[in-house]
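Asker: If you scroll down you'll find the structure; I have some questions about it.
Any read-out appearing in this document is the output of simple, stated calculations on the displayed coordinates, not a laboratory observation. Worth saying up front: this structure is predicted, and the values here are computed from it rather than measured. Using ideal geometry, Cβ is built from the backbone for each residue, glycine included, and neighbour counts are taken over all protein chains shown.
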Amino acid sequence: MYNSKSKIAEEFINHDEILKTIEYAKQNKDNAELIDSILKKASKFEGLDHTEVAVLLESEDKETIAKIHETAAKIKEHIYGNRIVMFAPLYLSNYCINECRYCGYHHSNKEMTRKKLTQEEIKKEVIALQDMGHKRLALELGEDPENSSLEYLLESIKTIYSVKHKNGEIRRVNVNIAAASVEDYLKLKEAGIGTYILFQETYNKDTYGYMHPKGPKHNYAYHTEAMDRAMEAGLDDVGIGVLLGLHDDYHYDAVGMMLHVKHLEDTFGVGPHTMSFPRIRAASDVEMSQYTGITDEKFYNLVAIFRLAVPYTGIIISTRETMESRADLLKLGVSQLSGGSCTGVGGYDEMAKLEKANTSQFDVEDHRTLDEITLDLAKNGYIPSFCTACYREGRTGDRFMALAKVGQIGNVCQPNALLTLQEYLMDYASPETKEIGEKVIRDQAQKIPNPEMKQKTAQWLERIKNGERDFRV
């Protein structure tokens, strides 16, 4: 039976509930009155449930889809303004004991060059990332108790936070590792991580079992219940996601993801901090013909609907997507982008060496540098944000959501975004990016709603120009 508050995976992600929901949605895909009521509800920033999401996903009416996109843009503007949070992945090790069929890291892949960074190599990677301008990282590594142990990860996090190069520092380390125990999550909490990220890949248990035939990740229940254990350990910023293209019906995974959101909200009082929607990409020793994929049109609509459904949660799009797709998706609700990304181990410090060694998890589609992405964002009226203030000020979990839901997060995020952009422009930007970025800051600083905060931000911006760093609200 379906039970959103159950601790059992197959009860809070219930197969029969998903099938029933999809069938209901198919029967109501042309129900104009129902669809109109769903869109009105979304426009009030109230979010949607899994049934409402399913109904919108089934609609093929062009006018309805246009309304979905229009509403998504308005919600994004109301809650996030034009701020886009920037980050980069850092791959520490590609050793893995799992046999995930879609991943280049799978254990039996003989084409893969296996590599694990030493602490000295991690320092070099971090310096390279700092020299780009990054302040926020997402750590990635395969599951291997010998080469990717928790102790190794904890030591690496300590190393990353310790590196201070010129004006650079990593202020937030998010972590994407395999499902773990409450005890291990407590250690990550103590290490000072930001968001704990774990993608479900697919919520369909049969497809999940097929895609993960061997290794610890094969255990569907342990994997699906991981966020409960993370929350119990105090990691109240968690990130979930599905890999679109694994299961042959993306509607199933969309409904499953919404059931996961509801489970977290009903059980812990706060939903996911971020959601990701990567589409499957080519990888070493992976047979791509077995995957159905999802078209751009359906993908864009999916992202827009999730912005309606979970308005206060960050939506991430990585460099798996092309430059053109990412530009389109920013208009539909995306609030976080990776930039200048490398999915290989040791790729930031030694790009030339990386080109001769196959260490990447998957192929990237957007090859722009961080400065090029920052420039494009600024030209299009966005504020590239390198902010990590909420995490460092303790505004996580329900404390962040409480501000977001009453519309006050803008008084915090807008100044912090401008302050960190000013740091980037002073320390790392090309002349063109600096010129365009300065104009964005001048224009947007005038739009800070709180007069006292507007004045304080102006003072801090001048102090940054004079060499000081790390002001935050």
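Asker: Considering the options Leu19, Ala32, Gly47, tell which one lies farthest towards the positive end of the dipole of the stretch 14-76, charges being +1 on Lys and Arg and -1 on Asp and Glu at the Cβ, about the Cα centre.
Answerer: Gly47
Asker: Here's something else I'd like to know. From the Cα gyration tensor of the stretch 138-198, with a ≥ b ≥ c the square roots of its eigenvalues, which class applies: rounded if a/c is under 1.5, or else prolate if a/b is larger than b/c, or else oblate?
Answerer: Numbers: a/c = 2.03, a/b = 1.71, b/c = 1.19.
Taking the square roots of the gyration eigenvalues as a ≥ b ≥ c, the stretch 138-198 is prolate.
Asker: Right, another one. Quote the FRET efficiency, to the nearest 0.05, computed for Asn31 versus Ser108 with a Förster distance R0 of 35 Å and r equal to the Cβ-Cβ distance. Kindly include the intermediate steps, with their values, before the conclusion.
Answerer: Details: r = 49 Å, r/R0 = 1.39.
Here the calculated transfer efficiency is 0.10.
Asker: May I pose another question? Using Cα pairs closer than 8 Å and at least 6 residues apart in sequence, work out the relative contact order for the chain, in percent.
Answerer: Relative contact order here is 20 percent.
Asker: Follow-up question, since we're still on this one. Rounded if a/c is under 1.5, else prolate if a/b beats b/c, else oblate: with a ≥ b ≥ c from the C-alpha gyration tensor eigenvalues square-rooted, which is the stretch 214-317?
Answerer: Working: a/c = 2.20, a/b = 1.29, b/c = 1.70.
The shape class here is oblate.
Asker: Output the lone cysteines of the chain: those with no second cysteine's C-beta under 4.7 Å from their C-beta.
Answerer: Cysteines of the chain left without a disulfide-compatible partner: Cys96, Cys342, Cys387, Cys390, Cys413.
Asker: With charges set only on the Cβ (+1 for Lys and Arg, -1 for Asp and Glu), what does the dipole of the stretch 84-367 come to about its Cα centre, in debye to the nearest 20? Kindly include the intermediate steps, with their values, before the conclusion.
Answerer: On the way: 30 positive and 41 negative charges, 127 e Å.
Dipole of the stretch 84-367, to the nearest 20 debye: 620 debye.
Asker: Taking the alpha-carbon centroid of each part, what is the distance from the stretch 71-104 to the stretch 222-264 in angstrom?
Answerer: Their Cα centres are 14 Å away from one another.
Asker: Considering the options His218, Val238, Met258, tell which one lies farthest towards the positive end of the dipole of the stretch 200-269, charges being +1 on Lys and Arg and -1 on Asp and Glu at the Cβ, about the Cα centre.
Answerer: His218
Asker: If you don't mind, another one. For the stretch 78-219, what Kirkwood radius comes out of the mean inverse Cα-Cα distance, in Å? Mind showing how you got there, number by number?
Answerer: On the way: mean 1/r = 0.0608 Å⁻¹.
That comes to 16.4 Å for the stretch 78-219.
Asker: Divide, for the chain, the radius of gyration over alpha carbons by 2.2 N^0.38 Å, where N is the residue count.
Answerer: 0.94
Asker: Follow-up question, since we're still on this one. Can you tell me the FRET efficiency between Thr118 and Thr369 if r is taken as the Cβ-Cβ distance and R0 is 35 Å, rounded to the nearest 0.05?
Answerer: Details: r = 26 Å, r/R0 = 0.75.
Efficiency for this residue pair is about 0.85.
Asker: A further question follows. Give the long-range amide H neighbours of Ser385: residues separated by 5 or more places, or on another chain, with amide H under 5 Å away, using H modelled in the peptide plane at 1.01 Å from N.
Answerer: Placed amide hydrogens put Ile84, Val85, Met86 under 5 Å from Ser385.
Asker: Let me ask something additional. Taking 7 Å along the Cα-to-C-beta vector as the label spot, tell me the Lys44-Lys379 distance in nanometres, rounded to one decimal.
Answerer: Distance between the two pseudo-spin positions: 4.2 nm.
Asker: How much length is gained if the chain between Lys298 and Asn3 is pulled fully straight, taking 0.36 nm per residue apart and subtracting their Cα-Cα distance, in nm to one decimal? Please list the in-between numbers first.
Answerer: Values: separation 295, 0.36 × 295 = 106.20 nm, distance 2.94 nm.
This chain segment gains 103.3 nm when fully extended.
Asker: Of Ser341, Ile170, Tyr105, whose Cα points farthest to the positive end of the dipole of the chain (charges on the beta-carbon: +1 Lys, Arg; -1 Asp, Glu; origin at the Cα centre)?
Answerer: Ile170
Asker: Something else: Run the quick spin-label model on Lys214 and Asn167: label points 7 Å from Cα toward the beta carbon, then report their separation in nm to one decimal.
Answerer: The modelled label-to-label distance comes out at 5.2 nm.
Asker: If you don't mind, another one. If I take R0 = 25 Å and measure r between the Cβ atoms of Lys447 and Asp131 in this structure, what FRET efficiency does the formula 1/(1 + (r/R0)^6) give, to the nearest 0.05? Spell out each step's value before the answer.
Answerer: Values: r = 31 Å, r/R0 = 1.25.
Once rounded, the FRET efficiency stands at 0.20.
Asker: What is the order of Arg307, Arg320, Arg392, Arg442, fewest Cβ neighbours within 10 Å to most? Show your work: numbers first, answer last.
Answerer: Values: Arg307 28, Arg320 23, Arg392 15, Arg442 11.
Ordered from fewest to most neighbouring Cβ atoms within 10 Å, Arg307, Arg320, Arg392, Arg442 come out as Arg442, Arg392, Arg320, Arg307.
Asker: Taking every DSSP beta bridge with both residues inside the stretch 84-367, roughly what % is antiparallel (nearest 5)? Numbers along the way, then the final one.
Answerer: On the way: 3 of 30 bridges.
The antiparallel fraction comes to roughly 10 percent.
Asker: Once label points are set 7 Å from the Cα along Cα→Cβ at both Met323 and Val182, what is their separation, rounded to one decimal in nm?
Answerer: About 4.9 nm separates the two model spin labels.
Asker: Then there's this: How big is Rg to Rh over the stretch 78-159, alpha-carbon atoms, Rh as the Kirkwood inverse-mean-distance radius?
Answerer: Working: Rg = 15.3 Å, Rh = 14.4 Å.
Ratio of gyration radius to Kirkwood radius: 1.07.
Asker: No solvent, one uniform scatterer per C-alpha: report log10 I(q)/I(0) for the stretch 258-299 via the Debye equation at q = 0.26, 0.29 1/Å, two decimals.
Answerer: For the stretch 258-299 at q = 0.26, 0.29 Å⁻¹, log10 I(q)/I(0) is -0.89, -0.99.
Asker: What are the semi-axes of the equivalent ellipsoid for the stretch 14-76, taken as the square roots of 5 times the Cα gyration tensor eigenvalues, largest first, in whole Å? All intermediate terms of the calculation are to be shown ahead of the outcome.
Answerer: Working: eigenvalues 82, 38, 17 Å².
Output for the stretch 14-76: semi-axes of 20, 14, 9 Å.
Asker: If you don't mind, there's one more thing I want to ask. Given Cα positions, please report Rg to Rh for the stretch 289-332, the hydrodynamic radius being the Kirkwood one.
Answerer: On the way: Rg = 11.4 Å, Rh = 11.4 Å.
Expressed as Rg/Rh, it is 0.99.
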